[in-house]
1. Working carefully through the options V87, V45, V80, V74, find the one that is assigned to a loop (DSSP other than H, G, I, E, B) and among the β-branched types (V, I, T).
2. Filter the range 42-91 for residues that are among the β-branched types (V, I, T) and under 15 Å from V16 (Cα atoms) and give the result.
3. Look through the range 51-71, keep the residues that are assigned to a helix (DSSP H, G or I) and charged (D, E, K, R), and return whichever of them is nearest to D25 (Cα to Cα).
4. What about D54, is it loosely packed, with under 14 Cβ neighbours inside 10 Å, at pLDDT 95 or above and charged (D, E, K, R)?
5. Tell me, yes or no, whether the range 52-63 has at least one residue that is over 18 Å from R9 (Cα atoms) and of a type in the set (V, I, T).
6. How many of the residues making up the range 22-59 are closer than 26 Å to D86 by Cβ, free of Cβ contacts under 8 Å to residues at least 12 places away in the same chain and of a type in the set (A, V, I, L, M)?
7. Can we say R8 is of a type in the set (D, E, K, R), touching a residue at least 40 places away in the same chain (Cβ under 8 Å) and surrounded by 12 or more Cβ atoms within 10 Å (Cβ to Cβ)?
Amino acid sequence: MAVGRAERRAERRTKVAVLFADRTDRALDLLELLELAWHDVHGEVSPPEDLIDDILLMSEGNLRQLIRWARLAVEDWRDVRVAADDVRTGP
């Protein structure tokens with residue numbers, strides 16, 4: 001069953017709020033723009049949710065970093081995945 005953009009936004013709100021606090025709506029707006037770009041480039045409605053988690057992890061709660069990693073995800077999502085895996089596993 002397909003989930004609409006508004007439903008995905010609502011589902012992501014809590015985890016985005018943990019990172020972005022008073023900038024939650026701005027971060028969610030950016031994730032919506034990511035979905036639009038993802039659709040244009042990849043022909044899918046939205047990036048996989050685990051990739052969204054990777055992007056949020058790499059952003060470290062910083063909107064500029066969220067923009068950077070969201071753009072990179074559209075260009076080559078594998079780079080985001082590798083970077084996030086490196087952060088999760090540590091040195």
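1. Checking each option against the conditions leaves just V45.
2. Answer for the range 42-91, where residues must be among the β-branched types (V, I, T) and under 15 Å from V16 (Cα atoms): I52, I55, I67.
3. At the first step, the residues of the range 51-71 found to be assigned to a helix (DSSP H, G or I) are 51-59, 63-71.
With charged (D, E, K, R) added as a condition, the list becomes 53-54, 64, 68, 71.
Numbers: D53: 17, D54: 19, R64: 14, R68: 18, R71: 18 Å.
Checking each candidate, the answer is R64.
4. So D54 fails the test.
5. no
6. 0
7. no
The values are calculated or read from the model by the stated rules, or taken from the named source; none is laboratory data. Worth saying up front: this structure is predicted, and the values here are computed from it rather than measured. Note that we place each Cβ from the backbone using ideal geometry, even for glycine, and neighbour counts take in every protein chain shown.
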